[in-house]
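Enquirer: Sharing a structure with you now.
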Protein chains: 2
Amino acid sequence: MSTRLEEFWTTDPSDLLRVGDGFVLSAEETDSSPGFNGGKSLGATALADGASILSELQEKFFANSTTGDNRKVLLVLQAMDTAGKGGIVRHVVGAVDPQGIDYVAFKAPTKEEREHDFLWRIKKNVPRAGRIGVFDRSHYEDVLIGRVRSLAPPDEIERRYGAINQFEQQLVDDDTTVIKVMLHLGKDEQKSRLGERLERPDKHWKYNPGDVDERLLWDDYQEAYQIAIERTATPDAPWYVIPADKKWYARLAVQHLLIDAFNAMDLDWPTADFDVKAEKARLAAS
Amino acid sequence: MSTRLEEFWTTDPSDLLRVGDGFVLSAEETDSSPGFNGGKSLGATALADGASILSELQEKFFANSTTGDNRKVLLVLQAMDTAGKGGIVRHVVGAVDPQGIDYVAFKAPTKEEREHDFLWRIKKNVPRAGRIGVFDRSHYEDVLIGRVRSLAPPDEIERRYGAINQFEQQLVDDDTTVIKVMLHLGKDEQKSRLGERLERPDKHWKYNPGDVDERLLWDDYQEAYQIAIERTATPDAPWYVIPADKKWYARLAVQHLLIDAFNAMDLDWPTADFDVKAEKARLAAS
């Protein structure tokens, strides 16, 4: 962790939030702010500070890809409706250069997509070298809504956990840092957020009657998350379960995971693959 | 123009920068700031103010696409090296939600792309409804470097101007606001910027010996721009030639073009396509 950030955190949140053995989703708090030494107002300061750190690291990361560095980052975002995926994209990912982002939102699969294996559309959208790929929903939908709504037979759902682990291991082997995030929202907090969308005409477009349909299956979804996370949390492709009732905290935590990922890469500016002195002479003569 | 922005501008820059009859590129200044009532420092204030205006308009624009509005915006960015395309993407486009951006950088065409018509790869990358498409370089390369470097026979280059006009008219007919921007950089300013990239190790990755090769053909490129712009500036798909020696001005001007495009759409939040009262009752019971 960089010195500038250390003042805000008492403990590296990556360690606090990473899913380990014996994980029980229902035992995880949704309204806490693990490791952060302050409240909402200090959180805003920390987010702005982190944005400039992240942006600089991302530029170095991207720069290296122009000279052959093959590394990528993939941030997978999963959550119940209103948990704040959009805010993460806007306020965390949005702080870096749009050129460095491969963002993709996975909606209900199209007819064509349904004719292929569930990973077909996913594999087409993995990030390019030097990019932060962002999956706004992902292949995990196929073991979440897929399981809860029985969109596939039980043995197919069962097969998918292994297929996901294999796929993600391939990504890791291909120099991808995989960061899987579940924004963990409380059921009451969701009710309040959906209520706000219904109260405010400028938020109506974000509301979908289907959101309440899914809400009515809350416990089934929590169970599906429990199973998905425990079956696919690996040392190389870990899950982070992030308390999401406090939007400011969830944003900070995800920002921190990205900063940590870049710090672990030990990035520096790439060295010139041309003769600097000769180029100066050519430029001077031009 | 919104009231908040009017204080910064003496004249709508869209009108001042839009290419009209009798356009002569060589007569256009590169170091001026047409219509802006201030210098660099006020420019920074205006850019921050404009960013929040643009961001709000973009959200409304995107919101409407979720209820069937088919409109798109396409921003085409063309310029000599170092003119500041990257800064426009980062500081102007980067101010809006990444979910609302369809950014694509067109590099030298691949072997597969060269086996198709020059518009093949372009057509595959036009923006989706509710998005701001950004072409970082574009089909215009095929009549710029294409012409200067004789990458295609003269009659094929000649054919392309008409093909571009026809293609862009199709985009317009399909509800796309097409904004074509040439960042107009002075030759001396380019020398200074390339020199800075050579001086600073953290900028070496942005330098390419090929940049000087192209610089040696400066006059040919200016002529190719002159021809391309006069052949393809139409009322529906206008060109804007933006003085680019002052980075802060070019960013402001492009930001303003986007704001103008959204203001012309007369955007409002979409009305709910569900029964708000009934949904409130369902939510309360959930």
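The values are calculated or read from the model by the stated rules, or taken from the named source; none is laboratory data. It should be emphasised that the depicted structure is a prediction, and the values quoted were computed from it without experimental measurement. Please note: Cβ atoms are built from the backbone with ideal geometry, for glycine as well, and neighbour counts cover all protein chains shown. Note: accessible area is taken over every heavy atom of the protein model, side chains too, but ligands, DNA and RNA are not part of it. Shrake-Rupley method; radii C 1.70, N 1.55, O 1.52, S 1.80 Å.
Enquirer: Percent antiparallel among DSSP beta bridges with both residues in the protein assembly as shown, to the nearest 5?
Expert: Rounded to the nearest five, the antiparallel share is 10 percent.
Enquirer: Here's another thing I want to ask about it. With the Cα gyration tensor of segment A:62-104 in hand, give its eigenvalues times 5 under a square root as the equivalent ellipsoid semi-axes, listed largest first in whole angstrom.
Expert: 26, 12, 6
Enquirer: If you don't mind, another one. With a Förster radius of 45 Å, plug the Cβ-Cβ distance of B:Leu217 and B:Ala48 into 1/(1 + (r/R0)^6) and report the FRET value to the nearest 0.05.
Expert: With R0 = 45 Å, the Cβ-Cβ based efficiency is 0.75.
Enquirer: Looking only at B:Ala27, B:Ala253, B:Ala48, which one moves most when chain B is put into a Gaussian network model with springs between Cα atoms under 10 Å?
Expert: B:Ala27
Enquirer: What are the distances, in nm and sorted shortest first, from the label point of A:Glu156 to the label points of the same position in each other copy, with each label point placed 7 Å from Cα along the Cα-to-Cβ direction?
Expert: 4.6
Enquirer: With a/c under 1.5 counting as rounded, go ahead and sort segment A:205-252 into rounded, prolate or oblate using the C-alpha gyration tensor (a ≥ b ≥ c being the square roots of the eigenvalues; past the cut-off, prolate if a/b is larger than b/c, else oblate).
Expert: oblate
Enquirer: Hey, another quick one. Is the shape of segment A:19-79 best called rounded, prolate or oblate, per the rule: a/c under 1.5 gives rounded, else a/b larger than b/c gives prolate, else oblate, with a ≥ b ≥ c the square roots of the Cα gyration tensor eigenvalues?
Expert: oblate
Enquirer: Okay, next question. Using a 1.4 angstrom probe on heavy atoms only, work out the carbon and sulfur share of the accessible area of chain A in %.
Expert: On the way: 5790 of 12510 Å².
Carbon-and-sulfur percentage of accessible area, whole number: 46.
Enquirer: Rounded to the nearest 20 Debye, what is the dipole magnitude of segment B:135-273 about its Cα centre when Lys and Arg each give +1 and Asp and Glu each give -1 at the C-beta?
Expert: Details: 18 positive and 28 negative charges, 166 e Å.
Once rounded to the nearest 20, the dipole reads 800 debye.
Enquirer: Charges only on Cβ, +1 for Lys and Arg, -1 for Asp and Glu: so what's the dipole of segment A:83-140 about the Cα centre, in debye to the nearest 20? All intermediate terms of the calculation are to be shown ahead of the outcome.
Expert: Values: 11 positive and 7 negative charges, 14 e Å.
For segment A:83-140, the charge dipole is close to 60 debye.
Enquirer: Put a dot 7 Å past each Cα toward the Cβ at A:Asp188 and B:Lys123; how far apart are the dots in nm?
Expert: In this crude label model, B:Lys123 to A:Asp188 measures out at 5.7 nm.
Enquirer: While we're on this one: Under 5 Å between amide hydrogens, which residues at least 5 positions from B:His184 or on another chain qualify, with H placed 1.01 Å from N in the peptide plane?
Expert: Correct list: B:Ile242, B:Ala244.
Enquirer: Related question: Can you tell me how segment B:37-176 classifies by the Cα gyration tensor, rounded, prolate or oblate, using a/c under 1.5 as the rounded cut? Write out the running numbers ahead of the final one.
Expert: On the way: a/c = 2.45, a/b = 1.46, b/c = 1.68.
It comes out oblate by the Cα gyration axes.
Enquirer: Under a plain spin-label model, where a point goes 7 Å from the Cα along Cα-to-Cβ, how far apart in nm are B:Glu156 and A:Asn165?
Expert: According to this spin-label approximation, the distance is 5.3 nm.
Enquirer: Additional query: B:Phe36's amide H: which non-local residues (gap 5+, or another chain) put their own amide H closer than 5 Å, with H modeled 1.01 Å from N in plane and none for Pro or chain starts?
Expert: Counting only residues 5 or more places away or on other chains, the set is B:Thr10.
Enquirer: Then there's this: Report the residue of chain B with the smallest Cβ-to-axis distance, using the rotation axis that brings B onto A, in whole Å.
Expert: Result for the B and A rotation: B:Pro98, 3.
Enquirer: Please list, ordered by chain and number, the residues whose modelled amide H lies under 5 Å from the amide H of B:Tyr103; skip anything fewer than 5 residues away on the same chain.
Expert: B:Val134
Enquirer: Return the loop-located trypsin sites (Lys or Arg not before Pro) in segment B:26-120 (DSSP other than H, G, I, E, B) with at most 12 other Cβ atoms within 10 Å of their own Cβ; answer none if there are none.
Expert: Numbers: sites: B:Lys40, B:Lys60, B:Arg71, B:Lys72, B:Lys85, B:Arg90, B:Lys107, B:Lys111, B:Arg114; in loops: B:Arg71, B:Lys107.
Sites meeting the loop and neighbour criteria: B:Lys107.
Enquirer: Follow-up. Over segment A:111-155, what number does the Rg to Rh ratio reach, with both radii from the alpha-carbon atoms and Rh per Kirkwood?
Expert: Reported Rg/Rh, Kirkwood definition of Rh: 1.04.
Enquirer: Would you be so kind as to list the residues of segment A:260-274 that have their accessible area lowered by at least 40 Å² in the full protein complex compared with their chain by itself (1.4 Å probe)?
Expert: A:Trp269, A:Phe274
Enquirer: Modelled label-to-label distance, A:Lys40 and A:Ala108, 7 Å Cα→beta-carbon offset: nm?
Expert: Placing both labels 7 Å beyond Cα along the Cβ direction yields 3.5 nm.
Enquirer: Projected onto the charge dipole of segment B:169-253 (+1 at Lys/Arg Cβ, -1 at Asp/Glu Cβ, origin at the Cα centre), which of B:Val172, B:Gln222, B:Thr234 gives the Cα projection farthest towards the positive end?
Expert: My answer, from the dipole projection, is B:Gln222.
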